[in-house]
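Written below as structure tokens is the structure these notes are about.
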Amino acid sequence: MTKFVQLLLQTLTLGSLYALIALGYTLVYGILRFINFAHSDVVTFGAWVAFAIAGALGWAGTGSPVFAMPVVMILAMAASAALGFTIERLAYRPLRKAPRLNVLITAIGVSLLLQNAGQLHALFGKDPVKMPRLLSEAPLFKVASVQVPWVDVALVVLTVALVIGLQWLVFRTKLGQAMRAVSWSEQTAALMGVPVDKVVSITFMIGSALAAAGGVLYGLKYRQLNQTADALWMLLGLKAFVAAVVGGIGNVRGAVLGAVLIAFIEVFGAGYVSSKLPDLFVFGVLIVMLLFRPAGLLGTATVEKV
Amino acid sequence: MTALLEVDNLHVAYGGIQALRGVSFAVEEGQVITLIGANGAGKTTTLRAISGLVKPTQGNVRFAGKSLLGVAPHRIVARGLSHAPEGRGIFANLSVEENLDIGAYLRTDKAGIAKDREHALTLFPRLRERLQQNAGTLSGGEQQMLAIARALLARPRLLLLDEPSLGLAPQIVALIFQIVKQIAKEGTTILLVEQNAHMALKVADVGHVLEVGTLVKTGPASELAADDAIRKAYLGVH
Ligand SMILES: Nc1ncnc2c1ncn2[C@@H]1O[C@H](COP(=O)(O)OP(=O)(O)OP(=O)(O)O)[C@@H](O)[C@H]1O
Ligand SMILES: [Mg+2]
């Protein structure tokens with residue numbers, strides 16, 4: 001029972017992490033029909049920039065004030081939103097009408113640039129660092145003799161709040177309506193007076209801010225931040241991407257569902273089947289999904305826009 | 001007095017293909033102008049150049065005295081020009097109601113929007129019964145009604161309509177044209193592109209005939225409808 005509860009908790013936290021990242025892939029795909037391969041690097045950036053901000057504000061050690069974590073979180077999300085805005089503006093917008101393959105290659109280029117620039121001494125450097133705690137070390141509560149730490153609760157609660165907020169934005173606001181219209185047809189949306197470029201920019205900023213939230217929470221939970229080109233970051237992004245595809249890319253609810261499913265398979269696969277092969281299960285699910293339900297769990301089969 | 005819309009020596013090329021080769025015409029406020037021509041003549045291209053979707057290589061478009069060159073499409077809407085595109089361009093992932101909302105995207109006058117929405121739904125009562133329905137599930141005729149209603153919600157001074165009769169049964173076409181007439185009577189200036197020259201010349205004041213990128217004939221609609229060459233080429237009379 002203890003083990004089961006423990007795995008369930010792990011599934012929830014990991015699923016939340018994947019969901020935050022998967023939403024960025026799905027938002028951008030939903031609106032522009034392309035996979036932003038540099039998205040996982042925005043997650044990395046978010047985590048590292050949070051580390052830098054915490055240091056700059058003097059919260060690198062223990063005993064930081066209670067508001068340290070929200071302040072660092074908001075600043076990191078804002079910085080990443082600015083990064084997302086810049087990437088779209090400089091790298092992707094000039095290619096808006098170019099073939100998708102060109103954009104894809106550009107995205108890989110942007111990803112490599114961020115990974116390598118991050119290692120510069122002036123930025124984050126080449127050595128792994130320890131993320132400051134920012135949250136209390138004491139467990140918040142106990143379920144079936146499993147201690148639930150603050151960071152896990154923060155991860156799940158914040159993710160749920162952000163997902164609800166995003167869902168509200170997309171389906172209940174004028175901006176969300178414009179996002180969905182642009183997603184269907186940029187040109188027709190423009191003919192209706194929708195400022196398409198602005199809507200695309202905002203979408204990138206939202207996706208990047210969510211990515212940063214994922215990156216910061218990752219740092220707070222696992223504590224170690226590897227250098228920006230480390231494969232670990234890529235694997236994190238890749239699994240979130242798998243979650244977005246499994247859930248139905250372009251679908252907000254699907255991304256969350258896919259994230260929880262992928263986390264469940266990874267955690268319970270490692271816990272009950274084999275601790276050596278969790279990634280194999282994750283990518284196995286991807287392959288099965290692509291074979292039998294290529295549109296994903298909640299995706300609707302649509303003809304690819306060319 | 002200058003015309004509401006002035007199209008002056010418009011040239012448009014798609015890559016190597018020259019689609020428009022110097023098209024000039026004017027639309028006076030309160031008129032219904034029609035642009036007729038065969039497939040590929042450049043009718044859609046003319047409208048797309050006016051509403052900023054394609055950049056002309058040469059020439060100018062002026063609306064209410066101001067040039068539209070280099071103005072982004074959504075800013076052109078803000079100036080009072082609304083374009084119901086060829087193929088209707090319904091947002092099939094949105095409800096009928098949301099499609100109408102998007103039509104009024106740039107407006108902030110809540111009361112005015114509500115009034116115009118009410119009016120559009122009076123013109124097209126079928127839409128009222130289907131407000132919550134996904135717009136993608138509407139019939140072709142209903143989608144065309146929605147496209148026109150949505151364009152009207154921007155409260156345009158000039159309405160561009162690209163082949164509203166496309167793929168519709170004769171009865172629906174008659175209904176749509178009747179409403180186009182009504183909209184014109186209420187004071188909206190209309191530039192109507194049609195392959196259905198017969199219907200178009202019935203509602204229009206002035207007609208222009210476009211052939212491979214140039215205007216070959218211009219005149220009062222009734223005269224064009226009586227013109228032998230036009231009757232042969234576009235009205236299926238032999
Ligand atoms: N996006 C495009 N790329 C390349 N060529 C194009 C494009 N759009 C239109 N053309 C070409 O420009 C010419 C004019 O096309 P346009 O769509 O304006 O004609 P049209 O009069 O509206 O025809 P239809 O009655 O069939 O709608 C055609 O030769 C067409 O092939
Ligand atoms: Mg056309």
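For the reader, a short list of remarks on this structure follows.
- Near pairs, Cβ below 8 angstrom, 6+ apart or cross-chain, from the stretch B:35-52 (open to solvent by less than 10 Å² (accessible area, probe 1.4 Å)) to any residue that is modelled with pLDDT under 95 and of a type in the set (Ser, Thr, Tyr): B:Ile36/B:Tyr234; B:Gly37/B:Tyr234
- Out of B:Ala3, B:Ala26, sole residue that is away from ligand 2 (no atom under 16 Å from the Cβ), more than 20 Å from B:Glu194 (Cα to Cα) and surrounded by fewer than 19 Cβ atoms within 10 Å (Cβ to Cβ): B:Ala3
- Set side by side, the residues A:Lys142, A:Lys174, A:Lys198 differ, and just one is over 20 Å from A:Glu88 (Cβ atoms), open to solvent by 50 Å² or more (accessible area, probe 1.4 Å), charged (D, E, K, R) and at pLDDT 95 or above, which is A:Lys174.
- Filter result (surrounded by 19 or more Cβ atoms within 10 Å (Cβ to Cβ) and in a loop (DSSP other than H, G, I, E, B)) within the stretch B:94-108: B:Leu94, B:Ala104, B:Tyr105
- Some residue of the stretch A:5-19 being surrounded by fewer than 24 Cβ atoms within 10 Å (Cβ to Cβ), at pLDDT below 95 and on the phi > 0 side of the Ramachandran plot: no
- Cβ-Cβ under 7 Å pairs, at least 6 apart or on other chains, the stretch B:173-192 side modelled with pLDDT of 95 or more, far side polar (S, T, N, Q) and in a helix (DSSP H, G or I): B:Ile176/B:Gln144
- Residue count for the stretch B:61-76 satisfying the condition of being within 11 Å of chain A (Cβ to nearest Cβ) and either within 16 Å of ligand 2 (Cβ to nearest atom) or out of contact with any helix residue (DSSP H, G or I) (no Cβ under 7 Å at 6 or more places or on another chain) (or both): 3.
- Segments classed as strands (runs of 3 or more DSSP E), wholly inside the stretch B:141-223, with at least 2 members that are more than 16 Å from ligand 1 (Cβ to nearest atom), open to solvent by 20 Å² or more (accessible area, probe 1.4 Å) and out of contact with any Lys or Arg (no Cβ under 6 Å at 6 or more places or on another chain): B:214-220
- Test: residue in the stretch B:109-124 that is surrounded by fewer than 22 Cβ atoms within 10 Å (Cβ to Cβ), at the interface with another protein chain (Cβ under 10 Å from one of its Cβ atoms) and out of contact with any His (no Cβ under 7 Å at 6 or more places or on another chain): no
- Of all residues making up the stretch B:49-60, the number that are farther than 15 Å from B:Phe25 by Cα and within 16 Å of ligand 2 (Cβ to nearest atom): 3
- Any hit, the stretch A:245-252, residues being among the hydrophobic types (A, V, I, L, M, F, W, C), away from every other protein chain (no Cβ under 14 Å) and without any contact (Cβ under 8 Å) to a residue 24 or more places away in the chain: no
- B:Ser82 meets all of the listed conditions (1) within 12 Å of another protein chain (Cβ to nearest Cβ); (2) crowded, with 22+ Cβ neighbours inside 10 Å; (3) out of contact with any Leu (no Cβ under 6 Å at 6 or more places or on another chain); (4) in contact (Cβ under 8 Å) with a residue 40 or more places away in the chain but one, namely (3).
- Residues (free of Cβ contacts under 8 Å to residues at least 24 places away in the same chain and within 30 Å of A:Ala244 (Cα to Cα)) located in the stretch A:54-73: A:Pro70, A:Val71
- Flag for A:Phe171 being under 30 Å from B:Pro73 (Cβ atoms), within 14 Å of chain B (Cβ to nearest Cβ) and in a helix (DSSP H, G or I): yes
- Per-region count, the stretch A:73-98, residues in a loop (DSSP other than H, G, I, E, B) and open to solvent by 50 Å² or more (accessible area, probe 1.4 Å): 1
The values are calculated or read from the model by the stated rules, or taken from the named source; none is laboratory data. Just so we're clear, the structure is a prediction, and the values are computed from it rather than from any experiment. As a convention, Cβ positions derive from the backbone with ideal geometry for all residues, glycine included, and neighbour counts pool all protein chains shown. Please note that ligands, DNA and RNA were not included when accessible areas were found on the heavy atoms of the full protein model with its side chains. Shrake-Rupley method; radii C 1.70, N 1.55, O 1.52, S 1.80 Å.
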